[in-house]
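Take a look at the structure below.
The values are calculated or read from the model by the stated rules, or taken from the named source; none is laboratory data. Computed from a prediction, not measured in an experiment: that's the story for all the values here. Counting neighbours? That spans all protein chains shown, and the Cβs are built from the backbone with ideal geometry, glycine included. Note: areas computed on protein heavy atoms with side chains; ligands, DNA, RNA excluded. Shrake-Rupley method; radii C 1.70, N 1.55, O 1.52, S 1.80 Å.
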Amino acid sequence: MLIHTAAEYDRYLRTQKLPTVWCPGCGNGIILKAFIRAVAALNLSQDEVVVVGGIGCSGRTPFFLDFNSVHTTHGRALAFATGIKLVRPELTVAVVMGDGDSVAIGGNHFIHACRRNIDLTAIIFNNMIYGQTGGQLAPTTLPGRRTTTSMWGNIEPPFDIVRLALGAGAGFVARGTVFDFEQLSEILGQALAFKGFAVVEVLTTCPTYFGRYNSNDDPYDMLHGLKDRTDPNEATMAEKLPVGIFRNEPRPEYTELYRQLVEKLGGGGQR
Amino acid sequence: MKTQQLMQGNEACAFGALYAGCNFYAGYPITPSSEIMEIMARELPRRGGVFLQAEDEIASISAVIGAAWGGARAMTATSGPGFSLMQEGIGYAAITETPCVVVDSQRWGPSTGQPTKAAQGDVMQAIWGTHGDHPVIVLTAGHVRDVFEMTVAAFNLAELYRVPVVLLLDEILSHMRENIFVPEPGELEVIPRSRPVNGAKPVAPFGGPFIPLGYGVRFSVTGLAHDDWGFPVEGPPAERLLRRIVEKVWSKAREIARYEALYLDDARAVVVCYGIVSRPAESAVEALRSEGLKVGLLTLKTLWPFPDFLFRELPTTVEYVLVPELNLGQLVREVERAVGGRARVEHLGRVDGYLLTPEQIAGRVVENLGRRV
């Protein structure tokens, strides 16, 4: 069901836990809303959805959502989610992580989840900085940018999360932005419906830290900066950062392969 | 007729876990625990359980906790280096009151150390390895049948107290083969996982029985200090949480204690041992008794919560306590504290990777007591 009204969104929120911990002007709320819209559009029951978060600003997302909520340790959300999904393949498991969470401290789990192709939807809130700890360098921070741990300008090259996911073998790989809500909720819907490991990198904004340290802390300007930096029409590795769906190729999914193994060995019946 | 089988320690651990209803295993290969993983990889799929070879030990413990919240009886096994990596996850299991079992087959350390040599160097890490005050139950075993039984006990205690339970084995015990009577179905008690009752009024998931995710009660699980529904709190409610989860284990030391006491009644000396050292210790005590020396043996199988009461209740005849360990002195500190000056406590350590001998242990007792009967 396509939802529009505040009341329709509220159904999926733990409204007594609001407001969120996110700063004014932060893009994360747009991702939260796009996620709710995608879940509603797929008519998923709240009891059948698990939202697993890591640590950081993004990791707080499960607390505001009225699903089965799990807030884990830094970088390990995918590993926790893998355990849940293996035991309960009938549940839809979404994993929300930050950029540091998923490709710095959790990089090993990320590439192996891609390789294993387990049916999880990984939603990466990429704000190019460590927000919750006060604005330190992330593995996604662009060269030259200032953070509290790169005050002279970043000299490290960043990860391209989409290319990393493609290289590691994820079946569904996409990038959206908090500038384009419609496209983001559409991508999230397809990712949630995808049978296999789905990666959605969402470019989001952190006016409080990234903006402030890089002479651009106006949330409106930052949002529009995302529009200028990205190219929504061409899902290719073009000069601007491409957005859209880069791969949507189902291949044998891990819990399904495991189920087939159990069946072959005659071990069904008990779990 | 009972089934007899020549069984390796690691094999007994794996089959003990299966006996206890373990239906999820995630692990990463490491000597000397790998056979446990290999057996689980073979047995779980054909019993309808789940086996996962994870990308590292951090993923292993994380997947185990996730699986437990999915409703599985979950375990992992590792050795020193992997056990170190699991500590953050063990803390998460402690604060989220997740029943799970972590087996650490100890090898000589620190670091890579001597991977194929035994030690008892992880005792303090098993108790205090993760940061913050926290509850954990630590068990050991001394022979192969014991490994089977203590693995079952580990699952039961994890279920009863909603805590991570660490079972400490060591390289010798893991790889040793003994002819054992395999427990028959029903012979050992297995405490089942509680399940939410359909249609019953939802009760808070923390502070009561364990409720897995996804059965119609929507709550939150978090490593943050939390309320009874798993949502973040600060200040006094956080203190209440910490005191409750720690006290639920520390206050039950007597109930959780597994031990064997031998010849304590008239003993002038007591050898306190655990794990593989209980083998030479038992031989030493038997030899000294046959010479007429009044020596007793206390074999601890629960190391934490520490069974203080056993030491408070030692007969007043005891003047000397020897604690042989394959380390430079770990559990001996707890023994000293619990004995509280009522007898002299001495440590006997061996750290070359080999087992203490009965002669070393008996010799040390005689040095201190003399040959006086």
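Just one of the listed residues (B:F155, B:F206, B:F231, B:F219) is within 14 Å of chain A (Cβ to nearest Cβ), under 30 Å from B:D308 (Cα atoms) and not aliphatic (A, V, I, L, M), namely B:F206.
Annotation note: Cβ proximity below 9 Å between a residue of the stretch B:65-80 that is in contact (Cβ under 8 Å) with a residue 60 or more places away in the chain and over 20 Å from A:L78 (Cβ atoms) and a residue that is in a strand (DSSP E or B) and among the aromatic types (F, W, Y) (sequence gap 6+ or interchain) occurs for B:R73/B:F24; B:M75/B:F24; B:M75/B:Y25; B:A77/B:Y25.
Here B:A281, B:A267 are screened, and the one residue that is buried (at least 16 other Cβ atoms within 10 Å of the Cβ) and part of a loop (DSSP other than H, G, I, E, B) is B:A267. Just one of the listed residues (A:T147, A:T177, A:T140) is among the β-branched types (V, I, T), within 19 Å of A:G27 (Cβ to Cβ), without any contact (Cβ under 8 Å) to a residue 60 or more places away in the chain and touching a helix residue (DSSP H, G or I) at 6+ places or on another chain (Cβ under 9 Å), namely A:T140. B:R145 falls short on exactly one of the conditions (1) open to solvent by 10 Å² or more (accessible area, probe 1.4 Å); (2) assigned to a strand (DSSP E or B), and that condition is (2). Every condition in (1) more than 8 Å from chain A (Cβ to nearest Cβ); (2) crowded, with 22+ Cβ neighbours inside 10 Å; (3) closer than 25 Å to B:I191 by Cα; (4) hydroxyl-bearing (S, T, Y) is met by B:Y19 except one, and the failing one is (2).
Pairs are defined by a Cβ separation below 8 Å, a sequence spacing of at least 6 or placement on different chains, a first member in the stretch B:125-137 that is in the same structural domain as B:W108 (by TED's automatic domain parsing), and a second member that is among the aromatic types (F, W, Y) and open to solvent by 10 Å² or more (accessible area, probe 1.4 Å); the pairs so defined are B:A126/B:W304; B:I127/B:W304; B:P135/B:Y161; B:P135/B:W250; B:V136/B:W304; B:I137/B:Y161; B:I137/B:W304.
Entry remark, the stretch B:114-135: residues being in contact with a helix residue (DSSP H, G or I) (Cβ under 7 Å, 6 or more places away or on another chain), open to solvent by 20 Å² or more (accessible area, probe 1.4 Å) and not polar (S, T, N, Q) number 5 in total. Total residues in the stretch B:256-295 satisfying the condition of being without any contact (Cβ under 8 Å) to a residue 40 or more places away in the chain and either in contact with a Lys or Arg (Cβ under 8 Å, 6 or more places away or on another chain) or in the same structural domain as B:P164 (by TED's automatic domain parsing) (or both): the figure is 1.
One residue alone among A:I84, A:I124, A:I129, A:I105 is in contact with a helix residue (DSSP H, G or I) (Cβ under 8 Å, 6 or more places away or on another chain), among the hydrophobic types (A, V, I, L, M, F, W, C) and within 13 Å of chain B (Cβ to nearest Cβ), and that residue is A:I84. Quick check: is even one residue across the stretch B:42-62 part of a helix (DSSP H, G or I) and touching a residue at least 60 places away in the same chain (Cβ under 8 Å)? Within the stretch B:42-62, none of the residues are part of a helix (DSSP H, G or I) and touching a residue at least 60 places away in the same chain (Cβ under 8 Å). Being within 14 Å of chain A (Cβ to nearest Cβ), crowded, with 17+ Cβ neighbours inside 10 Å and aliphatic (A, V, I, L, M) narrows it down to one residue among B:I276, B:I256, B:I211, B:I245; which is it? Every option except B:I211 fails the conditions. Screening the candidates B:G82, B:G109 for the property of being at pLDDT 95 or above, assigned by TED's automatic domain parsing to the domain that holds B:V165 and open to solvent by less than 10 Å² (accessible area, probe 1.4 Å) yields one hit, B:G82.
Taking the criterion of being of a type in the set (A, V, I, L, M, F, W, C), open to solvent by less than 10 Å² (accessible area, probe 1.4 Å) and facing chain A (nearest Cβ under 7 Å), the residues of the stretch B:55-72 that qualify are B:A59, B:A63, B:V64, B:I65, B:A67, B:W69, B:A72.
One residue stands out in the stretch B:27-41 among those that are open to solvent by less than 10 Å² (accessible area, probe 1.4 Å) and part of a loop (DSSP other than H, G, I, E, B): the one that is farthest from the other protein chains (Cβ to nearest Cβ), namely B:P32.
Look at (1) of a type in the set (D, E); (2) more than 10 Å from every other protein chain (Cβ to nearest Cβ); (3) under 16 Å from A:F80 (Cβ atoms) and you find that B:D133 fails only one, number (3). Scanning the stretch B:315-342 for residues that are over 18 Å from B:A281 (Cα atoms) and either hydroxyl-bearing (S, T, Y) or buried (at least 18 other Cβ atoms within 10 Å of the Cβ) (or both) returns B:T316, B:T317, B:E334, B:E336, B:A338, B:V339.
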